[in-house]
Amino acid sequence: MDINYPSCVFFGTILGYNFLKYFYVFWNGNFASKKYYFIFIISILSFVGFLFFLLLLKRSIQINLFFSGIAVVVYPFLRKFGWLKLFFVSAVVTYISVFIPYDNVIGTRFEFEINCLQRFLILSSLLMPFEIMDSIQDPVSLQTLPQKFGINKSKLFGMLLVIPFIILEFLKFNSSLVSLFIGLVTVILIHFSSVHRNKYYANFWVESVPIFWMVALLFSK
């Protein structure tokens, strides 16, 4: 229940996302829209919040977060490998949300390995609607999964990843039906994803799945 690490990750996520999305805008001073001033201020405040909570963490966690920060900086260079970026993002988020916090959680090594694999699988599935949505905008040279294998095969691949995610849950000592619920919701969202969907289908509904997941876990206790 230590709030320092989640708070650090919260502000770090905002900072990392804005860095990747608006770096060239800030670098070139191209503040043609007022929204960029707002984003710039939010980024500065997030940096302060991130640094504040980072300094409250123990050294081993700080070092691990440093490596995750390097991964964020490297991401734009890997983005040209369209089929790889999905798994790279899943691996980085798994590293931040499971691997690093494990030092402060009571549990077995077996459960830790299962949780890592589960998180990687469900994240890769949840990213599929975004891959499908972006497939008509991404350059063909990227060869993302939907571009390389088609929309339907990509959907099927995303859905199949949910199966081991659910199966692995029941190998844990403290299994939860919440994972089954999240898996089914993910399959439904992938099934109805399309290049013609409104952007908020992915940017709101799919993005909100982790929030529903957290709320469901809180109510299941």
*asked:* Rg and Dmax in Å for region 8-104, alpha carbons only: what are they?
replied: 14.7, 45
*With θ set to phi - 60° and the Karplus curve 6.51 cos²θ - 1.76 cosθ + 1.60, what are the ³J(HN,Hα) couplings of region 170-175 in order, to the nearest whole Hz, using x for Gly and Pro?*
7, 8, 7, 5, 10, 6
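Provide the gained length on full extension for the span ILE42 to PHE212, in nm with one decimal, where the gain is 0.36 nm per separating residue minus the Cα-Cα distance. Don't skip to the answer; put the middle values down first.
On the way: separation 170, 0.36 × 170 = 61.20 nm, distance 2.51 nm.
Taking ILE42 through PHE212 to full extension adds about 58.7 nm, to one decimal.
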_Carbon/sulfur fraction of accessible area - region 27-92, other protein chains in place, 1.4 Å, %_ = 76
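Could you tell me which of the pairs LYS34/LYS80; LYS85/LYS172; LYS21/LYS153; LYS21/LYS85; LYS148/LYS199 are separated by over 20 angstrom between their Cα atoms in the structure shown?
On the way: LYS34/LYS80 31 Å; LYS85/LYS172 29 Å; LYS21/LYS153 29 Å; LYS21/LYS85 15 Å; LYS148/LYS199 22 Å.
From the list (LYS34/LYS80; LYS85/LYS172; LYS21/LYS153; LYS21/LYS85; LYS148/LYS199), the Cα-Cα distance tops 20 Å for LYS34/LYS80; LYS85/LYS172; LYS21/LYS153; LYS148/LYS199.
Given a 1.4 angstrom probe, what's the average accessible area per residue across region 51-149, in square angstrom? Before the final figure, lay out the partial values.
Numbers: 5360 Å² over 99 residues.
Accessible area per residue, region 51-149: 54 Å².
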*Other-chain or far-sequence residues with amide H under 5 Å of SER193's (modelled H)*: none
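Write down the Kirkwood hydrodynamic radius of region 67-157, to one decimal in angstroms, obtained as one divided by the mean of 1/r over all alpha carbon pairs. Don't skip to the answer; put the middle values down first.
On the way: mean 1/r = 0.0702 Å⁻¹.
Result for region 67-157 stands at 14.3 Å.
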*Across region 139-145, in residue order, what do the Karplus-derived ³J(HN,Hα) couplings come to in whole Hz, using 6.51 cos²θ - 1.76 cosθ + 1.60 with θ = phi - 60° and x for Gly and Pro?*
x, 4, 5, 5, 6, 5, 4
_From phi via Karplus (6.51, -1.76, 1.60), per-residue ³J(HN,Hα) for region 58-71 in Hz, x at Gly/Pro_ = 6, 4, 4, 6, 4, 5, 5, 5, 4, 5, 5, x, 4, 4
*Take each of the peptides 13-23, 116-126, average the number of other beta-carbon atoms within 10 Å over its residues, and list them starting from the highest.*
116-126, 13-23
_Where Rh is the Kirkwood radius over Cα pairs, Rg/Rh for the chain_ = 0.97
*State, as an integer percentage, the relative contact order of the chain based on alpha-carbon contacts under 8 Å between residues 6 or more apart.*
17
*Could you work out Rg/(2.2 N^0.38 Å) for region 137-220, with Rg from alpha carbons only?*
1.27
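The values are calculated or read from the model by the stated rules, or taken from the named source; none is laboratory data. Model, not experiment: these values are computed from the prediction. Because the Cβ atoms are built from the backbone with ideal geometry, glycine has one as well, and the counts that use them run over all protein chains shown. Heads up: the accessible areas ignore ligands, DNA and RNA and are worked out on the full protein's heavy atoms, side chains in. Shrake-Rupley method; radii C 1.70, N 1.55, O 1.52, S 1.80 Å.
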